[in-house]
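Throughout, read-outs are computed from the coordinates displayed, never taken from laboratory work. Since the model is a prediction, treat every value here as computed from it, not as a measurement. We place every Cβ from the backbone using ideal geometry, glycine too, and count neighbours over all the protein chains shown.
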Amino acid sequence: MKVSISDAARLAGISRQHLYAKYINPGVISVDRETLDKPTIDAAELLRVFPNIKLPDALSSTDGQEKTQEFTRRIAALDSEVTALRQQLNVSQDREKWLQGTVDKLTDTIRLLEHRPADQREAAPRKGFFARIFGGGK
């Protein structure tokens, strides 16, 4: 959260001139100069240099702490979900390996059942109906 230079001096309990002379010009507090006419100071910078100041409710980190706690709970829930999904994936991969092994065994069994001896594979082709009746061909 950003505050103006005047607000920062008021929160610190010092004058703007003193804030500039003792903290900004020597570089103790960094100033964001996004626009030339309105420099701002980050509230975290103020708390770093003046740890005893009390920020207004709008600037307090209570809301940030609540969000952090919410995010922490959400991360924990997502971590447990990822763990459960990884376990399911491992079970699925094991099942897939078993099924592939079963398919391979069945394929080998079918090949053995369809196996034909060499003499049957190279036998002469059968004569057609008319060739058998009328004795055509050889």
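Please grab the % of Cα pairs in the range 61-115 that end up more than 12 Å from each other. Mind showing how you got there, number by number?
Working: 1126 of 1485 pairs.
Every Cα pair in the range 61-115 considered, those over 12 Å come to 76 percent.
Have a look at I14, V3, F71 and report the one farthest towards the positive end of the charge dipole of the chain, computed about the Cα centre with Cβ charges (Lys/Arg +1, Asp/Glu -1).
It is F71.
For helix 62-113, report the angle its Cα long axis makes with the longest principal axis of the Cα atoms of the chain; keep it between 0 and 90° and round to the nearest 10°.
10 degrees
Translational diffusion coefficient, Stokes-Einstein: compute it for the chain using the Kirkwood radius over C-alpha pairs as Rh, at 4 °C and 1.567 mPa s, and state it as an integer in µm² s⁻¹.
Stokes-Einstein gives a translational diffusion coefficient of 55 µm²/s.
Describe numerically, in nm with one decimal, the distance between label points set 7 Å from Cα along Cα→Cβ at R95 and at T107.
2.2 nm
Taking the Cα centre of the chain as origin, sum charge times position over the Cβ atoms of Lys and Arg (+1) and Asp and Glu (-1), and report the length of that vector in debye to the nearest 20.
On the way: 22 positive and 19 negative charges, 191 e Å.
Dipole of the chain, to the nearest 20 debye: 920 debye.
Among rounded, prolate and oblate, which fits the range 2-60 when a ≥ b ≥ c are the square roots of the eigenvalues of its C-alpha gyration tensor, a/c under 1.5 means rounded, and a/b larger than b/c means prolate?
oblate
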